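Below: the structure, in structure tokens.
The values are calculated or read from the model by the stated rules, or taken from the named source; none is laboratory data. Predicted, not measured: the structure shown is a model, and the values here were computed from it. A quick note on method: Cβ atoms are made from the backbone with ideal geometry, for glycine too, and the neighbour counts reach across all protein chains shown.
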Amino acid sequence: MSWFQREVARVLGRGRGEVRALQDLIAIEGVLRFTAVYGITVLIPALVLSYFALSSIRAEELYVDADIERRAEVVVEQVHHEAEGSFGRFEGSTRDRLAQNQSPLTALADLSPYLRAAFRFDANGNLVAPFALPQSDGNPEPNAFYRRTFLEARGLEQENEFRKAAERFRAAARAANSPALAGEAELARAGAIRRAGFAAEAEVAYTTVYADYANLRDQYGFQIGDRAALELALVAAERDPELGYGALTDLVDKLLAAKWTIGRPGEAAVARLALAKLERTGADPDWLGRSRTRLDERKNQLYWAERLSSGLALLIEDRSTGQRSDPGEFRYTEQREAGALWATVWWNDDLYAFAFDHVALVRDLAEAARHADSLDADVRAMLLTTTPPQHTIVARTLQPWFPTLTVAVGPIDPEGLVATKQRKRVARIVIVLIAVGMSIVGVVLAARLLNRELESAKMKADFAANVSHELRSPITQIRLKGEALQLGLIYDDTDRQAHYDAIVHESERLSRLVDNVLDFSSIERGAKRYTFRPEDLGEIVQNSVESARNTLESRGLDIELDVPDDLPVIWVDREAVSQVITNLLSNAAKYGAEGGWVGIRARRSGDHHVKLAISDKGIGIPAEEQARIFDRFYRSADPKVRRFRGTGIGLTIVRYIVEEHGGEIRVDSTPGNGTTFFITFPLEPRESGA
Ligand code: ADP
């Protein structure tokens, strides 16, 4: 024991005694040591583990968020990549053409499938190619006389009065209030002459028209010279096909190469007529194909140029105010109302403007987005012009091409995502709590187990001490009495007899005690065997009571024996049953002495059992102890019990023997009123006991 422990015990022990204080201290130390060991080896690790488990939940949630964000990023990247690829190819091939001095205004489909029209402006902002901006022709409205006369001529033509019609057309030409109107009437006149059947005269008339009015446009946007040239070629073809077709071919080449004017489809129409004629004559198919393609392309461009003309005007305005970008650097402008996306680039003091079909581009990008998100089951991509919706994970504008267009990627099922997260979190927290709870329960159980073991160890120690005590008293008695006799110190016969009786009595007590201890030890080892024979229970009871009579009476107990003569024979081990009764009577002698009475009663019970009841009117057993008195080494802590010597194995042996006989033992007791032990034996022995 350390100095420290002694000092603490001294302080605690004031008024209670140091020994008690020291015992308490040792007990407290045991508890503290247990708490420390379990705290360090179980509880603290469990708490640390739960802390990490709980924080890993947060980490995993963050990881899940980061993962879905990464996937969303991938989808956005793919859409962006798609646009980048498409525009990258366009910019590359356009720059190549510019660098090689080839026009980027033709074969637009090779530059980009979305390209609808392309324009070139000079440094002053004038549209140079491929079309001209429409200028006012300066044609006044035709006067009333002209209009009337022209209609009359057309009416005459309907009636096949071609010569007369030609006259009227001439009259109209004379009355025309502008050269273009005059040219138109002259052209119509030449047509009437031709239909009248005067080819040579018509040819002369067309030639005159061509010479006088070639660069004027009629009311429908046709260049009068082109129409005259077409008619001339057709007339010539009738006369000399070779010559005529040659002229038609030249006309087509010239028209396709000419600069057309936006909103004036005349050149395209004349070229189409000429080509149609040539197709029927079996012209060079290569040339025909090329021309047809070129015509279609220019027609298309012209159509788009007209549709985009408002945007083009804006672009020109912008161009004059805006800063010049570096040569070869593309700039993009969206004109959603016009359905156009414009790309502009400077090259050698020229500005090129390319019009993309905005609708088709957006449609295909949306398709690309759908394709990209179809590869990921959890996210959905959208192409938006508005603010992205609430649950969007990643949103990026499609700069630099579509400043107003945003690719937004969000979870397919945002609520589901949140719910799943919540569910997982709850499940994990519950698991952690269960684990912590179980380790706490484990600690409590271990503490109880330890406590029980400690108690049992203490009981064993008590048992050893009690046995030694119990042995000492009869041995001392026998020795004293024996020595007195041996030394001849007893002269009186009665006295001598009393000494002999005492020696016999004490040796009986000694052998009972030793029997009990030996029996208990063989019971504990599982080595105890019983031999069952048909016996007279009444006789066994009577003999046992007789053996105990001395002890009982010396304690002042009246014995009331109630055993009928006609008790049936039962199969038992005589010694064992005798030991049961002796042990119970010995207890009655100790704990029932106050009541001054002990009762032994035996009865037949039904056809198969006998009942035995051994009662006293002593101190009784509290209800909470009744279940434990049969446990090995158990002795009540009550001082009234502790006053007597005992080993705590008497009832353990009793119960064992009874149960080995297939019987039952039960206690009925009220503290202060006495105790009765009821035992039931079967008439026939148990199968296993036989
Ligand atoms: P021991 O008598 O040696 O203590 P037992 O196993 O015979 O051990 O009895 C166990 C305990 O049961 C006793 O210590 C006592 O508290 C209680 N007990 C047994 N018989 C009686 C009785 N007749 N009256 C009151 N208490 C009893």
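When the range 463-475 is limited to residues that are polar (S, T, N, Q) and surrounded by 12 or more Cβ atoms within 10 Å (Cβ to Cβ), the one that is nearest to Tyr634 (Cα to Cα) turns out to be Asn466. Among the residues of the range 154-195, those identified as surrounded by fewer than 24 Cβ atoms within 10 Å (Cβ to Cβ), farther than 17 Å from Tyr210 by Cα and among the aliphatic types (A, V, I, L, M) are Leu156, Ala171, Ala175, Ala176.
On the stretch given as the range 366-387, residues that are out of contact with any helix residue (DSSP H, G or I) (no Cβ under 6 Å at 6 or more places or on another chain) and among the hydrophobic types (A, V, I, L, M, F, W, C) total 5. The C-beta contact set for the range 548-562 (first residue exposed (fewer than 13 other Cβ atoms within 10 Å of the Cβ), second residue in a loop (DSSP other than H, G, I, E, B), distance under 8 angstrom, 6+ apart or interchain) comprises Gly556/Gly596; Asp558/Gly596.
Contact map, the range 363-377: first residue over 13 Å from Tyr114 (Cβ atoms), second residue part of a loop (DSSP other than H, G, I, E, B), Cβ cut-off under 8 Å, separation 6 or more or different chains; pairs are Ala377/Ile412. Taken over the range 644-662, the criterion of being more than 10 Å from the ligand (Cβ to nearest atom) and of a type in the set (Phe, Trp, Tyr) is satisfied by Tyr656 alone. Note on the range 73-101: residues that are free of Cβ contacts under 8 Å to residues at least 24 places away in the same chain and either charged (D, E, K, R) or under 16 Å from Leu384 (Cα atoms) (or both) total 5.
Selection over the range 592-610 of residues that are closer than 13 Å to Thr551 by Cα and at pLDDT below 95 gives a count of 3. Of everything in the range 631-663, what is surrounded by fewer than 19 Cβ atoms within 10 Å (Cβ to Cβ) and among the β-branched types (Val, Ile, Thr)? Give them in sequence order. Of everything in the range 631-663, just one residue is surrounded by fewer than 19 Cβ atoms within 10 Å (Cβ to Cβ) and among the β-branched types (Val, Ile, Thr), namely Val641.
Restricting Arg628, Arg666, Arg686 to those that are modelled with pLDDT of 95 or more, surrounded by fewer than 18 Cβ atoms within 10 Å (Cβ to Cβ), more than 14 Å from Asn583 (Cβ to Cβ) and not hydroxyl-bearing (Ser, Thr, Tyr) reduces the list to Arg666. The listed residues are Arg496, Arg533, Arg574, Arg525, and the only one of them that is away from the ligand (no atom under 16 Å from the Cβ), under 60 Å from the mean Cα position of the chain (by Cα) and of a type in the set (D, E, K, R) turns out to be Arg525. Filtered by the rule that a residue be over 18 Å from Arg635 (Cβ atoms), exposed (fewer than 12 other Cβ atoms within 10 Å of the Cβ) and hydrophobic (A, V, I, L, M, F, W, C), the range 442-462 gives Val444, Leu445, Leu449.
So which of Ile629, Ile621, Ile665 is more than 8 Å from the ligand (Cβ to nearest atom), under 22 Å from Gly595 (Cβ atoms) and not hydroxyl-bearing (Ser, Thr, Tyr)? Testing whether each residue is more than 8 Å from the ligand (Cβ to nearest atom), under 22 Å from Gly595 (Cβ atoms) and not hydroxyl-bearing (Ser, Thr, Tyr) leaves just Ile665. Listed by first and then second residue, the pairs with beta-carbon distance under 7 Å, at least 6 apart or on different chains, first residue in the range 437-463 and outside any helix (DSSP H, G or I), second surrounded by 14 or more Cβ atoms within 10 Å (Cβ to Cβ), form an empty list. Considering only residues in the range 212-258 that are free of Cβ contacts under 8 Å to residues at least 12 places away in the same chain and outside any helix (DSSP H, G or I), the one that is surrounded by the most Cβ atoms within 10 Å (Cβ to Cβ) turns out to be Ala258. How many of the residues in the range 452-500 are under 23 Å from Lys590 (Cβ atoms) and among the aromatic types (Phe, Trp, Tyr)? Result for the range 452-500: 1. Looking only at the range 392-410, residues that are touching a helix residue (DSSP H, G or I) at 6+ places or on another chain (Cβ under 6 Å) and surrounded by fewer than 18 Cβ atoms within 10 Å (Cβ to Cβ) come to 1 in all. If you scan the range 594-625, which residues turn out to be within 18 Å of Glu560 (Cβ to Cβ), among the aliphatic types (A, V, I, L, M) and surrounded by fewer than 20 Cβ atoms within 10 Å (Cβ to Cβ)? The answer is Ala613, and nothing else. All of (1) more than 16 Å from the ligand (Cβ to nearest atom); (2) over 15 Å from Ile679 (Cβ atoms) hold for Val610 with one exception: (2).
Within the range 87-106, the set of residues being surrounded by fewer than 19 Cβ atoms within 10 Å (Cβ to Cβ) and among the hydroxyl-bearing types (Ser, Thr, Tyr) comprises Ser93, Ser103, Thr106. Could you please let me know if Ser521 is over 20 Å from Phe678 (Cβ atoms), in a helix (DSSP H, G or I) and of a type in the set (Ser, Thr, Tyr)? Against the criterion (over 20 Å from Phe678 (Cβ atoms), in a helix (DSSP H, G or I) and of a type in the set (Ser, Thr, Tyr)), Ser521 qualifies.
Does Asp616 count as of a type in the set (Asp, Glu), at pLDDT below 95 and near the ligand (Cβ under 9 Å from one of its atoms)? Spelling it out, it is not the case that Asp616 is of a type in the set (Asp, Glu), at pLDDT below 95 and near the ligand (Cβ under 9 Å from one of its atoms). None of Ile478, Ile434, Ile503 is part of a helix (DSSP H, G or I), touching a Gly at 6+ places or on another chain (Cβ under 8 Å) and free of Cβ contacts under 8 Å to residues at least 40 places away in the same chain except Ile503.
Considering every residue within the range 174-194, establish whether at least one is under 21 Å from Glu238 (Cα atoms), acidic (Asp, Glu), at pLDDT 90 or above and over 60 Å from the mean Cα position of the chain (by Cα). Among the residues of the range 174-194, not one is under 21 Å from Glu238 (Cα atoms), acidic (Asp, Glu), at pLDDT 90 or above and over 60 Å from the mean Cα position of the chain (by Cα), which makes the answer no.
Output yes when any residue across the range 327-341 is polar (S, T, N, Q), within 17 Å of Glu84 (Cα to Cα) and crowded, with 16+ Cβ neighbours inside 10 Å, and no when none is. Checked against the condition, which is being polar (S, T, N, Q), within 17 Å of Glu84 (Cα to Cα) and crowded, with 16+ Cβ neighbours inside 10 Å, the range 327-341 yields at least one hit.
When you go through Ala171, Ala188, Ala165, Ala117 one by one, which is the residue that is assigned to a helix (DSSP H, G or I) and closer than 30 Å to Lys299 by Cα? The match here is Ala188. For the range 22-77, a residue qualifies if it is polar (S, T, N, Q) and surrounded by 15 or more Cβ atoms within 10 Å (Cβ to Cβ), and exactly one does: Ser50. Among the residues making up the range 632-643, those that are touching a residue at least 12 places away in the same chain (Cβ under 8 Å) and either among the basic types (Lys, Arg) or within 7 Å of the ligand (Cβ to nearest atom) (or both) are Arg632, Tyr634, Arg635, Ser636, Asp638, Lys640, Val641. Of the listed requirements (1) more than 30 Å from Leu612 (Cβ to Cβ); (2) in contact (Cβ under 8 Å) with a residue 12 or more places away in the chain, Leu513 misses just one: (1).
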